[in-house]
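Before any comments, here is the structure.
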Amino acid sequence: MTTSAKIVPVLRYRHITPNGGDFNCLPTYFDEQMEHLAYQGFTTLSATEFASFLNGGEVPAKSVFITFDGGFLDNYVFAYPILKKYILKASVFLSASFIKEGIIRSTYESGEILPFCPPHDECKRRIYAGHPETVMMNWDEVRYLKSSGIFDFHSLGYTQTRWEQQVNEEGKNMAMTKELEMSRAILQQELGEVSEHFCWPNGYFDEDYITLAKEAGFHYLYTTDFMGENYPHMDSTHIYRIDAPNKGGFFFSYRLWLARHPKIGHIYNRYALKRLAK
C-alpha cells in the first residue's frame, strides 16, 4: 500500500546561470539537485497536484514542488534542459509586465550560441532601463515551455512594486487590486487561462492583500517564509517555501530531509527563527 506524503516541501528558485550573482543556483549544482530528486525516487508535483495535496488528496510519499520566481531567461536556457533530462516538473510565477514578445532563443541542450543570462543585479538594471526582453523569457518561450508539460505558469503580479512603501493605506490597496486585475488579464490573453496560484511580489503581503487576492480568485498564496511545513488542510493563503541552496546534491539532500521531517524540521525552524530574532 502506497503511503501519501504528510509534508510537501516547496522549493524556491530564481536564477539558474553560470554567471553567478544573488538568488542564483549554478547549473552544475542545479543538475546535481535534480539528479538527487530523480534517483532518490521523488515525484515533482504540478501546481494542480500540489493544490490537491493541500486539500487532502493523496500524492506520493516522496513529493516536492519546484517553483521559480519571475520568469527569467536563464530558467529557459539552463533550468529547462536539466528538468527535461530528469523528467521533472516545475512551476514559474511570472512578473507579467516584464514578459514581452520575441523569438524563441537557444537553450543549453541545443549546442548553439546561448543568450547571455546575467546576474540578478544586471537583470534588474536592464529591466528598469526598459529592456526586460534581454533577461526575461518572452511569450513564445513561455508557451513553448507550457506545451512541453514540464512547466506550468502562474502570477507574480504585474509591476513588482512595493505599494505600501509608495502610497497610503487606501492607495496601496487600490494599487494591489489593479496589480491582480492586470496580471490576470495578461495571463488570460497570452496563455488562455489563469490559475488560482499567486506568489507575493518581493515576498510582501498583509491581511488586506490576502483578502484582495482571494477576491480576485487566487486561493493558493505563496510566501518567501521558509519556517513552516506544508501539510493537508493547512491555510493555503500562507504556503511556505525553501530557498534552494547554491550547493551540490549532498547539502541539498540534507536540507530536503530537514524540510520533510515532521519533528526535526520543526525544531530546525524554531532554531532558525531564534537566530533571526537576535
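Here are a few things to note about the model shown:
- DSSP-defined beta bridges in the stretch 29-173 - what % are antiparallel, rounded to 5: 10
- The stretch 79-133: trypsin sites (Lys or Arg not before Pro) falling in loop per DSSP and having at most 15 other Cβ within 10 Å: Lys100
- Accessible area in square angstrom per residue, the stretch 169-245, 1.4 angstrom probe: 45
- At R0 = 35 Å, FRET efficiency that the Cβ-Cβ distance of Glu169 and His131 yields, to 0.05: 0.55
- Dipole magnitude of the chain, debye to nearest 20 (Cβ charges: Lys/Arg +1, Asp/Glu -1, about Cα centre): 940
- Per-q log10 I(q)/I(0), the stretch 139-278, q = 0.08, 0.13, 0.18 Å⁻¹ (Debye; single scatterer per alpha-carbon; no solvent): -0.28, -0.73, -1.14
- Per-residue ellipticity at 222 nm, computed for the chain from helices alone with -39500 (n - 2.57) per DSSP H run of at least four residues, works out to -11500 deg cm²/dmol.
- Loop-resident sites, the stretch 90-158, for GluC sites (Glu not before Pro), counting at most 12 other Cβ within 10 Å (DSSP): Glu101, Glu112
- Normalised by the number of residues in the stretch 26-104, the mean separation of alpha-carbon contacts (under 8 Å, six or more apart) gives a relative contact order of 37 percent.
- Dipole of the stretch 149-232, positive direction: furthest Cα of Val194, Tyr209, Leu221, with charges on the beta-carbon: Val194
- Rounded to 5, percent antiparallel among DSSP beta bridges of the chain: 10
- When its C-alpha radius of gyration is set against 2.2 N^0.38 Å (N residues), the stretch 164-205 gives a value of 1.31.
- Radius of gyration and Dmax over the Cα atoms of the chain, both given in Å: 18.2, 56
- Distant alpha-carbon pairs in the stretch 29-156 (separation over 20 angstrom), percent: 47
- Coil-residue trypsin sites (Lys or Arg not before Pro) of the stretch 149-239, DSSP, other Cβ within 10 Å capped at 15: Arg162
- Kirkwood radius for the stretch 206-264, taken over all pairs of different Cα atoms as the inverse mean of 1/r, rounds to 13.2 Å.
The values are calculated or read from the model by the stated rules, or taken from the named source; none is laboratory data. On a predicted model such as this, the values are computed, not experimentally measured, just so you know. In this analysis, Cβ positions are derived from the backbone assuming ideal geometry, glycine residues included, and neighbour counts consider all displayed protein chains. Protein only, heavy atoms only, side chains kept; ligands, DNA and RNA dropped before computing areas. Shrake-Rupley method; radii C 1.70, N 1.55, O 1.52, S 1.80 Å.
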